[in-house]
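Worksheet: one structure, shown below.
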Amino acid sequence: MRALYRGVLKRELALAFQHRAELVQPLMFMLMVVTLFPLGIGPGPETLQRIGPGVIWIAAILSSLLGMERLFREDFQDGSLEQLMLSGLPVSLIAAIKVFTHWLVSTGPLLIMSPLLAMFLNLTLDMYVALLLTLLLGTPLLSFVGAIAVGLTVGVQRGGILLALLLIPVFIPLLIFATSAVDSAALQLPYLPQLAIIGAMLLLAIAVSPFAIAYSLRVSQN
Amino acid sequence: MWKWLHPYAKTERAYQLCQILQPWFWAGALLCLAVGTVWGLAFAPQDYQQGDSFRIIYIHVPSAILSMSTYVAMAVAAVVGLVWQWRTAFMAMIAMAPVGAVMTFIALFTGAAWGKPMWGAWWVWDARLTSELILLFLYLGVIALYGAFDDKLQGGKAAGVMALVGVVNVPIIHYSVEWWNTLHQGATISKFDKPSIAPEMLWPLLLNLLGFALFIAAVTVMRMRNEIILREMQRPWVKAMADKAEGDRHAV
Amino acid sequence: MTGLVATSLTCIKRDRVLFENLNLQLQTGELMYLRGPNGAGKTSLLRLLTGLSMPEAGEVTFNHAPVQHSESQFYRQSIYLGHKSGLSSALSALDNLTYWCAQHQVTVTESQIVNVLDVVGVTGLEDIPVAMLSAGQQRRVALARLWLKPARFWVLDEPFTALDTAGVALLETTFKKHVDEGGAIITTSHQPLSARAGTHRYFDLEYRF
């Protein structure tokens, strides 16, 4: 455990600190995508409130896809990943820690922007609370599932668009449940069932995906 | 108990098996499709509500069912490949992918065409059509991932992992989309105990289903032979076979 | 058979058979020099030996257990250095090696790492990002791992790349010292090893069509 903490977690955070300028880019991307919608559709407060949850979630998915490639790419290219895999530490645990820190520094900060976006799109307080909860449960799900595809495409030249092609269909159920939770909140209906489903998917992903990520990294090392 | 299967991990044996199976699959497929389609289109009774336009189910339903089953079959092949390290299993999986994608496309196309007289629009965001569309995306993702690799062995493994991720997702997608939008007619074919479809309509449908399945098998087996030859071009056994074929042609 | 043993390995890359039924044994006190033309599969063989990639057929064992299994303890007793340096360019040499030692469960102090960097000839550069170092200096930082981790089995893929003559000499004498102390090395190189490296055994890979 100490080796994982001192060798992997601290290293990830140090690397993230070195690349802090790049980490802001997905955030700015998300902000700009959301800004496009009122401009393209019209600023009517009711329309915006109607499409708001979907817009925010689609922007979150797209911007997390944009930042996801960084998860293994550099470590793969400079050979740090093979040294990590030869350290004798379980590759699945290494993968889980890398995904977690990536979420913490890159996808998680999307949550910070959510109040601003909710204001832009005229969401009510109830809707905002539901949105925040779905983002809190849903963005780690994006990271854990996405990491499998990142591990598979890490050895492929120009894997960026391919990554999106692989992952967008997989993220559709999350989009459906998350937006419907916010819609329910708008109608003052209970949205716990949707949250529970997202939570269940997250737990499944946390339990299974580290092994899938480890295998996909092994395939990429071949 | 699975020992008898192991020789087929070798490409040469798998090729021979494909060669033997191919004519049988083709014969069965053509027979079933011919009988089923003629029966269904010309002799089955009209639907009392939809008239003749219901007859598209003889293509739509088999292709929709088999697009899903082909994806599951790909996942099974991927599991075999990942667990026992069989190269041929990944080849079979890759051979199936475009066939399944085409089936999905046929299901979507016929579904849209059916939708025109039914709902008055070519495309309606109905639950099943939407799941089929997402399934098509999943197929295209697997094919694109395989295509991105230069090392086809590695590409096969990667595509296999993605197919497994997809197959875990297919039921989730299916039920989430269904829940998202419930517009379609109820399931008609799986209720065997209380059939809501007349038997004289059902039989040609089942024949066509079998015909489509055999057709998919036949094309898959053909594509697999191609894949094996293409990738093993440099191997002695392929060269020997090519020389023999060449010799036969000269003999004629 | 103890040591690192490969039995009837088959490796297929891009649907080309690189080698089939390859047997190899590396014992302690031995320096094995892997020779072969470009594309013969030297790197592939070394990666198979470390368990980084999976063979098409055959197995690699270390002390009777498969290398990837934790019971073989292979990763505790081995170092692999490949073409890639394994150094993050944004981090300094000192940070890179500190994290590497933590991952490989080697306890070292900062001054020990600085001393080793001194030995490999990268003095006073331990605090700047690795990206700022020259190719030769980066290679030296990567090689510093050989001094840091007390591992008996060294698997080295072209370790002499980008090194100057002094660096080559240092590495070769280190090879001899390591083998004399009961270590085992398998290495590839395009230049033949000189007498400084001590006695070594050749293992030839041929290019197959």
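The values are calculated or read from the model by the stated rules, or taken from the named source; none is laboratory data. If you're wondering where the values come from, they're calculated on a predicted model, not measured in any experiment. When we count neighbours, we look across all protein chains shown, and the Cβ atoms used for this are built from the backbone with ideal geometry, even at glycine. Heavy atoms of the whole protein, side chains included, go into the accessibility calculation; ligands, DNA and RNA do not. Shrake-Rupley method; radii C 1.70, N 1.55, O 1.52, S 1.80 Å.
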Within the range A:177-199, is there a residue that is over 22 Å from B:Phe149 (Cβ atoms), at the interface with another protein chain (Cβ under 7 Å from one of its Cβ atoms), part of a helix (DSSP H, G or I) and hydrophobic (A, V, I, L, M, F, W, C)?
-> yes
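Condition check ((1) assigned to a loop (DSSP other than H, G, I, E, B); (2) at negative phi; (3) more than 18 Å from the chain's Cα centre (by Cα)) across all residues:
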residue	(1), (2), (3)
A:Leu81	no, yes, yes
A:Leu84	no, yes, yes
A:Ser92	no, yes, yes
A:His102	no, yes, no
A:Leu111	no, yes, no
A:Met119	no, yes, yes
A:Asn122	yes, no, yes
Taking the range C:36-52 and keeping residues more than 15 Å from the chain's Cα centre (by Cα) and on the phi < 0 side of the Ramachandran plot leaves C:Pro37, C:Asn38, C:Ala40
Could you list, in sequence order, the residues of the range A:113-140 that are farther than 20 Å from A:Met28 by Cα and of a type in the set (A, V, I, L, M)?
-> A:Leu123, A:Leu125, A:Met127, A:Val129, A:Ala130, A:Leu133, A:Leu137
Of the residues in the range C:88-123, those that are of a type in the set (Gly, Ala, Ser) and over 18 Å from A:Arg11 (Cβ atoms) number 2
Residue check, C:Thr123 over 20 Å from C:Ala184 (Cα atoms), among the β-branched types (Val, Ile, Thr) and either touching a Phe, Trp or Tyr at 6+ places or on another chain (Cβ under 6 Å) or within 9 Å of another protein chain (Cβ to nearest Cβ) (or both) = no
Note on C:Pro159: of the conditions (1) part of a loop (DSSP other than H, G, I, E, B); (2) facing chain A (nearest Cβ under 10 Å); (3) in contact with a strand residue (DSSP E or B) (Cβ under 9 Å, 6 or more places away or on another chain); (4) at pLDDT 90 or above, unmet is (2)
Restricting attention to the range C:70-103, the residues that are at the interface with chain A (Cβ under 9 Å from one of its Cβ atoms) and of a type in the set (Asp, Glu) number exactly 1
Test: C:Val106 is touching a residue at least 12 places away in the same chain (Cβ under 8 Å), more than 10 Å from chain A (Cβ to nearest Cβ) and surrounded by fewer than 22 Cβ atoms within 10 Å (Cβ to Cβ) | no
Quick check: is even one residue across the range C:128-141 touching a Gly at 6+ places or on another chain (Cβ under 7 Å) and surrounded by fewer than 20 Cβ atoms within 10 Å (Cβ to Cβ)?
-> yes
Looking at (1) under 16 Å from the mean Cα position of the chain (by Cα); (2) within 14 Å of chain B (Cβ to nearest Cβ), which is the one condition that is false for C:Leu193?
-> (2)
Every residue from the range A:132-151 that is at the interface with chain B (Cβ under 10 Å from one of its Cβ atoms) and under 21 Å from B:Ile134 (Cα atoms) = A:Val145, A:Ile148, A:Ala149
Per-region count, the range A:20-43, residues outside any helix (DSSP H, G or I) and open to solvent by 30 Å² or more (accessible area, probe 1.4 Å) = 1
Scope the range C:142-171; condition over 13 Å from the mean Cα position of the chain (by Cα) and open to solvent by 10 Å² or more (accessible area, probe 1.4 Å); matching residues = C:Leu148, C:Pro150, C:Ala162, C:Leu163, C:Asp164, C:Thr165, C:Ala166, C:Val168, C:Ala169, C:Leu170
Which listed residue, of C:Ala6, C:Ala40, is in contact with a Leu (Cβ under 6 Å, 6 or more places away or on another chain), part of a loop (DSSP other than H, G, I, E, B), closer than 29 Å to C:Ala195 by Cβ and open to solvent by less than 10 Å² (accessible area, probe 1.4 Å) = C:Ala40
Quick one: A:Met119 ticks every box in (1) more than 10 Å from chain B (Cβ to nearest Cβ); (2) in contact (Cβ under 8 Å) with a residue 12 or more places away in the chain bar one, so which box is it?
-> (2)
Do you know which residues across the range C:9-26 are open to solvent by 50 Å² or more (accessible area, probe 1.4 Å) and within 14 Å of chain B (Cβ to nearest Cβ)?
-> C:Lys13, C:Arg14, C:Arg16, C:Glu20
Of all residues in the range A:60-79 being more than 14 Å from A:Gly146 (Cβ to Cβ) and under 23 Å from the mean Cα position of the chain (by Cα), the one that is surrounded by the fewest Cβ atoms within 10 Å (Cβ to Cβ) = A:Gln77
Unmet criterion (only one of (1) in a helix (DSSP H, G or I); (2) crowded, with 24+ Cβ neighbours inside 10 Å) for A:Leu162 = (2)
Any idea which of C:Leu46, C:Leu81 is under 30 Å from C:Ser194 (Cβ atoms) and either free of Cβ contacts under 8 Å to residues at least 60 places away in the same chain or touching a helix residue (DSSP H, G or I) at 6+ places or on another chain (Cβ under 9 Å) (or both)?
-> C:Leu81
